[in-house]
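Working notes for the structure below.
The values are calculated or read from the model by the stated rules, or taken from the named source; none is laboratory data. Since the structure is predicted, the reported quantities are computational estimates derived from the model, not experimental observations. Positions of Cβ are generated from backbone atoms using ideal geometry, with glycine treated the same way; all protein chains shown enter the neighbour counts. Ligands, DNA and RNA are stripped out before the accessible areas are found, and what is left, the full protein with its side chains, is counted by its heavy atoms. Shrake-Rupley method; radii C 1.70, N 1.55, O 1.52, S 1.80 Å.
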Amino acid sequence: MRNHLFALYACVVIIAFLSACASGTNENADEGLLFKGQGENWEAEVYTGKIIEPEVKGTEPYVYLKPRGGASTEIKGVEYKLESDQGSFSGGDISFNEQGEISFKDEKITKTVASESEEVTLTLDWLVDHQQKTEVIILTKKN
C-alpha cells in the first residue's frame, strides 16, 4: 500500500513539475517582440504587442521613430515601409508629437513581424528643405 501511495505522489509531483515548465515556455512564446535600430538620420523601434513596460509602452503594437539631431521641425511628409519575411506594410501622413518624435500604433505589425523574425527592415522617406531623403534601417530583435 505504501508503494502505491509513493508512486501516486511521485506521479503528481512529476505532472506538476512538467506543467510548470510547459506554462513557462508558453508564456515566453506569447511575449511581444521588440526590434531596435538606428541609421544616420533616425532611431527606430518596432514592438509587436504584449507587455514590456506597460507604464511607458503599453500592450499594443507600435512603431516609434526619432530623428537624430533633433531637427524634427524641419522634417515634413514622413512615409514608412516595414518589411519582414512574413510581409510588409506602409503608410504616411504621420506627425511628430510634442517631444519631436513619431509614435503610432498599428495592428498590421503583428501580421508582418512573426516570432521567427530576427530582423525587420524599415524604409523612411521624408522632405527636408524641399529635398527628398530616404533611409533604410535594419532593426534587430532584442531579447
For region 96-104, state whether one or more residues are surrounded by 12 or more Cβ atoms within 10 Å (Cβ to Cβ), within 17 Å of K36 (Cβ to Cβ) and of a type in the set (F, W, Y).
yes
If a residue must be without any contact (Cβ under 8 Å) to a residue 40 or more places away in the chain and at positive phi, how many such residues does region 74-90 contain?
1
Go through (1) in contact with a Phe, Trp or Tyr (Cβ under 9 Å, 6 or more places away or on another chain); (2) modelled with pLDDT of 90 or more; (3) surrounded by 12 or more Cβ atoms within 10 Å (Cβ to Cβ) one by one and return the number of the condition Q132 breaks.
(3)
I'm trying to understand the selection: among the residues of region 62-79, which are among the acidic types (D, E) and either in a strand (DSSP E or B) or open to solvent by less than 60 Å² (accessible area, probe 1.4 Å) (or both)?
E79
